[in-house]
Amino acid sequence: MLLLRDHMDEKFLKPYNPGATEDKIYRLWETSGFFNPDNLPKRHREPFSIVLPPPNVTGILHVGGALMVVIEDIIVRYKRMRGFKTLWLPGTDHAAIATNTRVEKIIYKEEKKTRYDIGREVFIAKVEKFVAENRGALKHQIKQMGASLDWDREAFTLDKKRSLAVKTAFKMMYDAGLIYRGTRIINWDPRGQTTISDDEIVYEERLAKLFTFKYSKDFPIAISTTRPETKLGDTAVAVHPDDKRYQKYIGQTYKVNFAGANLEIKVVADEIVDMEFGTGALGVTPAHSQIDAELALRHNLPSIQVINEHAKIKLPIPGLEGEKTVAAREKIVKWLKTEGLLIKEGEITQNISTAERTGSVIEPLPKLQWFVDVNKPIEKRGGKSLKQLMHDAVASGQIKILPERFEKEYFNWINNLHDWNISRQIWYGHRIPVWYRNNEIYVGVDRPDGLDWEQDPDTLDTWFSSGLWTFSALGWPERTRDLEIYHPTDILETGYDIIFFWVARMILMSEFLLGDIPFKTVYLHGLVRNEKGKKLSKSLGDNVDPLSITDKYGTDALRMALIVGVGPGSDSKLSNDKLKAYKNFANKLWNIARFVLSQERPADGKTGLDQELVNEFSALTKDITNDMENYRFYIAAEKIYAYIWHRFADEILEESKKMSSRRETLYYILENSLKLLHPFMPFITEEIWSELKASAKPPEPRSLLMIETWPS
RNA sequence: GCGCGGUUAGCUCAGUUGGUAGAGCAUCCCCUUGACGUGGGGAGGGUCAGAGGUUCAAGUCCUCUACCGCGUACCA
C-alpha cells in the first residue's frame, strides 16, 4: 500500500478518473481567458490562426467531427506553447439545404405538412428554433473534446455580421460581372424542390434499358435513348459529319408525330456525336440535357420543355400530361411497340445523378438562375478568371495542400469546372440581395428606397457563405484589427471530402474579394470508419457519439485513439481495443505521477540531474518537435507514448528505485514529458501539472501547463 | 474512360529523405500484490499482393499485373 504523503491529493489513491477531471480542467482553462489570444502573456507575439470548419447545426458532432476538432486542438495547443499569439476561432454553419431538408422532414412527420402548407415565415421560425436548440448541444460536444477555442469570437454563418459579408460579397461580384442571372440547364432536385450545384450530385451506377427506335415510320434515322419520355421535346437529330450513313439527311427537316407530340426534327452534323454508340445518331433534347442544350445553341435549335419541377410531363398531350417520368416512359415504349417503331431493347449500365441530400433522381431542367462566372477575365485581378486565380494560388506554392496528392485532384476539379449555380429555391439561408420592380433590377446590401420593390425569393448556396469563412469570421467587410492580424490564416484543417465544396470556394472568394489567399496550408484528414470499415454517415443514422465514448474511456484516450497511426488523408477505424489501450495509458501516466510525487522533490540542484538522461530527453524533444512542425502528429503521439511507458516507466523509473539520487531527474522528465504530451492529452497532463505545482517546495505559483513553454 | 489510394505479424494499422521489419490488441510461458482497476520480462508469428528493373543495398525508387476502395468525366 502506498503511503500518502502530506502534500498529495487523495485522488491519487485511485485510478485516473476522467469524468471527475475533465469538466473541472476545462473550466479552469476557460476562466484563465487564455483561449482568447488577447489575454495571452507578453511572450506570445507572432500571430497564428486557424478557423474551425463550422460544423452543421443539423446534428451532433460525430467522430469524424471529433477527429477534426482534435487535430486542430493539437496544432493550436502546440503553437500556443511555442509562444504564438494563437487564435482558434469557432463557429457553426447554418447548412442551408441540410437544415432545410431536415426540418421539412420533422414537420412532415409531426404535422403532415409541407413547407408550402405553412408558408415561408412560419417555416423559417421553426428552423430557427431547431437551430438554436442544436447549437447548444454541438457546442457542448466540442468543449467536451477539450477544444481550446476562443469562444469570445464565436461566429455563425447566418448571423448579422456574416449576413452583411454575404451581401457585400454578392454585390462586389455582381458589379464585377462575375455573378449573372440566366436560363441554363440546371440540376433540379424534384424532392427537395430546388436546384443544386454539380458538386452536390452523387452518381449511382445502375442498369438501364436502352431503347432503339424511330420517331415515326417515315423518319429515316433510328436513335437510341434510355429516356424515351424526354423525346417529346426533341428538335433535332445529330449525326457525325463524317458518318457516311447519314450524310444525305444533314440539313433536312422532318415533321413527325411522336406519341402525340408534333415535332419538327432537323438533322444536324456535329463532331460531338460518337459514331460508335447506338445507331450513331443522337436525338437532341435541348431542354433536358446539358450537352443537347449546347448543341442547340450551336445549331440554333428551339427548345421544348417536356418535364416540370415535379418530374411530371407538362406538355398538353392526352394520356401523358401529368404523368411521372417513369410512367410516361412505359406508355411511350408501349406506343412504340404498337406502332412497330421499336427496333431494339438493350441494357446498359449508366451513372444516374442523385441529389446528395434527398436521394432524389436529378432532373435536368432549363431554369432562370443565378450563376458565378468562373471564366470571365477580372480586370482588377490582372485579367485572370476565377478559375485561374484558384489554380494559381496553389500552383504558385502560396497555398500548400497536404497530403500533396490532393493538389492533383484540386487541379483536376478546376479543369472540369463549369459556372457555379448559386441560387436555391429553399427558404432557409441567405436570401439573394436582389430586388425587382417592373423591369428594374437592384443589387445591394439593403432594400432600395421606394415602393413595389420585390426581393428575389431564392436563397444562396450554403457554400457561398462558407467560402467567406476565413475572413467573414474575422469581421470582414469591416476592416477589423482581427482581420489585419490573423488573415490569411495559417492552416485550414478539414476532411478531404469537402476539398471542392469548401476549400476551393474559399480560395475563390478570398482571391477575388481580398486579393489574397485565405490560408497558407491545407491539411486534409480522412474519414473515420467504424470497426467493420463502414463509412460513418449522418444520413444513415450511423452516428457514433463522441460523448458516449468519452464517458467510457475519457477524452484524452479518445484523442489518442483518433490520432495515433493515422496519417493525413487516410481513412481510419476506431476500435474499442485502441480506446482501451489509451485509457490504460492515461492510467499508467497517472501512476507514474503518483510514484514520482510520493517522493519528496529535492531542492534544485541538490541531487543534480542525470545528464545522460537529460540528453536523451532532449533528443526525443527535438525529434518530436520536428514531427510536429511537419504535421506528423500521428508519429509524434506514438513517440511520446512509447517513451513515457516503455522508457521512462519501465526502465528509468524502475532503476530509480535503487538509486535515490535520481529523484530530481524524475521530476525533470515527468514535467517535460507532460509538456510534450499536453497537445495530445490535455486534461490529464494539466491535472498532474497542477499537482506538481501544488506539491513543490517552496510552493510554486499556480500555473497552467497550457501556456507553459514547449521544451527545447 | 482518366486519375488517386490501399495490399506489411491472427486482427487493426505505423514505417519521414532506400541501410539487417515495428506498435496496439490477440496467443503462449514466467514473474509481480508497497506507482499501476493491473503491471513487468520473454516467446512464437511476416518470402512487406505478384512479376520484372535500378542500386553495394528496396517495404521504401521505376515499369507492368491482380484484387479492394475512392474520386472524376462521359453516359444517346
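With the cut-off at 16 Å, report for the stretch A:402-459 the share of all Cα pairs above it, as a whole percent.
61 percent
How high is the FRET efficiency from A:Glu345 to A:Asn416, r the C-beta distance, R0 30 Å, rounded to 0.05?
Efficiency, rounded to the nearest 0.05: 0.35.
Largest first, how would A:Glu363, A:Glu708, A:Glu330 line up by accessible area (1.4 Å probe)?
So, going from the largest accessible area down, we get A:Glu330, A:Glu708, A:Glu363.
Just the number, please: percent antiparallel of the DSSP beta bridges in chain A, rounded to the nearest 5.
Around 70 percent of the beta bridges assigned by DSSP in chain A are antiparallel ones.
For the stretch A:225-295, run through the chymotrypsin sites (Phe, Trp or Tyr not before Pro) and keep only the ones in DSSP coil with at most 10 other Cβ atoms within 10 Å of their Cβ.
Nothing satisfies the criteria.
Take every Cα-Cα pair in the stretch A:607-712 and report what % of them are more than 18 Å apart.
50 percent
Averaging over every viewing direction, what projected area does the convex hull of the Cα atoms of the stretch A:491-531 cover, in nm²? Numbers along the way, then the final one.
Numbers: hull surface 11.7 nm².
Mean projected area of the Cα convex hull: 2.9 nm².
With axes computed from alpha carbons, what is the tilt in degrees of helix A:18-32 against the longest principal axis of chain A, rounded to the nearest 10 within 0 to 90?
90 degrees
Is the shape of the stretch A:1-98 rounded, prolate or oblate, going by the alpha carbon gyration tensor and its root eigenvalues a ≥ b ≥ c, with a/c under 1.5 for rounded and a/b larger than b/c for prolate?
It is oblate, given that a/c is not under 1.5 and a/b is not larger than b/c.
For the stretch A:54-118, what class follows from the C-alpha gyration tensor (a ≥ b ≥ c being the square roots of its eigenvalues): rounded when a/c is under 1.5, otherwise prolate if a/b is larger than b/c, else oblate? Present the calculation step by step, with values, prior to reporting the outcome.
On the way: a/c = 6.49, a/b = 3.38, b/c = 1.92.
It comes out prolate by the Cα gyration axes.
Write down, largest first, the equivalent ellipsoid semi-axes of chain A in whole Å, where each equals the square root of 5 times an eigenvalue of the alpha-carbon gyration tensor.
So the equivalent ellipsoid measures 61, 27, 23 Å along its semi-axes.
Taking +1 at the Cβ of each Lys and Arg and -1 at the Cβ of each Asp and Glu, which of A:Val522, A:Thr358, A:Trp420 sits farthest along the dipole of chain A towards its positive end, judged by Cα position relative to the Cα centre?
The one lying farthest along the dipole's positive direction is A:Thr358.
Could you calculate the contour length gain from A:His140 to A:Glu700, that is, 0.36 nm times the residue separation minus the distance between their Cα atoms, to one decimal place in nm?
Stretched fully, the A:His140-A:Glu700 segment lengthens by 198.3 nm.
Just check the stretch A:142-258 against the gyration tensor rule for me: Cα atoms, a ≥ b ≥ c as the square roots of the eigenvalues, rounded for a/c under 1.5, and otherwise prolate or oblate depending on whether a/b exceeds b/c.
It is prolate, given that a/c is not under 1.5 and a/b is the larger ratio.
Quick one: accessible surface of A:Met172, probe radius 1.4 Å, all protein chains present, in square angstrom to the nearest 10.
A:Met172 has an accessible surface of roughly 60 Å² with all protein chains in place.
Could you tell me how far the Cα centroid of the stretch A:125-147 sits from the Cα centroid of the stretch A:231-306, in Å?
Cα centroid of the stretch A:231-306 versus Cα centroid of the stretch A:125-147: 53 Å apart.
Compute, for the stretch A:349-418, the length of the dipole vector about the Cα centre, with Cβ point charges of +1 (Lys, Arg) and -1 (Asp, Glu) only. Units Debye, rounded to 20.
200 debye
Tell me the mean residue ellipticity at 222 nm calculated for chain A from its helices only (DSSP H runs of n ≥ 4, each -39500 (n - 2.57), averaged over every residue, nearest 500).
That calculation yields -11500 deg cm²/dmol at 222 nm.
Going by accessible area, probe 1.4 Å, with all protein chains left in place, what is the ranking of A:His299, A:His418, A:His487, largest first? Could the numbers behind the result be given before it?
Numbers: A:His299 45, A:His418 115, A:His487 25 Å².
Heavy-atom accessible area, descending, gives A:His418, A:His299, A:His487.
Treat each spin label as a single point 7 Å out from the Cα along the C-beta direction, and report the A:Glu205 to A:His299 distance in nm.
Each label point lies 7 Å from its Cα, and together they span 3.2 nm.
Nearest 20 debye, what's the magnitude of the dipole of chain A about its Cα centre given +1 on Lys and Arg Cβ and -1 on Asp and Glu Cβ?
Numbers: 99 positive and 100 negative charges, 152 e Å.
It comes to approximately 720 debye.
Cβ under 15 Å from A:Phe406's Cβ, A:Phe406 left aside: what net charge do those residues give with Lys, Arg +1 and Asp, Glu -1?
-3
Averaging sequence separations of C-alpha pairs under 8 Å and six or more residues apart, then dividing by the length of the stretch A:10-130, give the relative contact order as a whole percent. Display every interim value, and only then the final one.
Values: 95 pairs, mean separation 32.4, N = 121.
Relative CO of the stretch A:10-130 lands at 27 percent.
Residue farthest toward the positive end of the dipole of the stretch A:232-299, with Cβ of Lys/Arg at +1 and Asp/Glu at -1: which of A:Pro241, A:Phe277, A:Gln290?
A:Pro241
For A:Arg481 and A:Lys408, compute 0.36 nm times the residue count separating them, minus their Cα-Cα distance, and round to one decimal in nm.
Gain on extension, A:Arg481 to A:Lys408, equals 22.7 nm.
To the nearest 0.05, how large is the calculated FRET efficiency for A:Thr253 and A:Lys109 if R₀ is 60 Å and r is the Cβ-Cβ distance?
0.70
For A:Asp199, A:Asp456, give me the order by solvent-accessible area with a 1.4 Å probe, most accessible first, ignoring ligands, DNA and RNA.
Greatest to least solvent exposure: A:Asp199, A:Asp456.
Return a whole-number percent for the relative contact order of chain A, with Cα pairs under 8 Å and 6 or more residues apart as the contact set.
Answer for chain A is 16 percent.
On a full-extension model of 0.36 nm per residue, what is the gain between A:Glu10 and A:Lys552, subtracting their alpha-carbon distance, rounded to one decimal in nm?
Going from the current span to full extension adds 192.9 nm.
Excluding A:Lys79 itself, calculate the net charge of residues whose Cβ lies under 12 Å from the Cβ of A:Lys79, where each Lys or Arg counts +1 and each Asp or Glu counts -1.
-1
With axes computed from alpha carbons, what is the tilt in degrees of helix A:160-175 against the longest principal axis of chain A, rounded to the nearest 10 within 0 to 90?
For helix A:160-175, the angle is close to 40 degrees.
The values are calculated or read from the model by the stated rules, or taken from the named source; none is laboratory data. Since this is a predicted model, take the numbers as computed values, not measurements. As a convention, Cβ positions derive from the backbone with ideal geometry for all residues, glycine included, and neighbour counts pool all protein chains shown. Accessible surface is based on the protein model in full, side chains and every heavy atom, while ligands, DNA and RNA are left aside. Shrake-Rupley method; radii C 1.70, N 1.55, O 1.52, S 1.80 Å.
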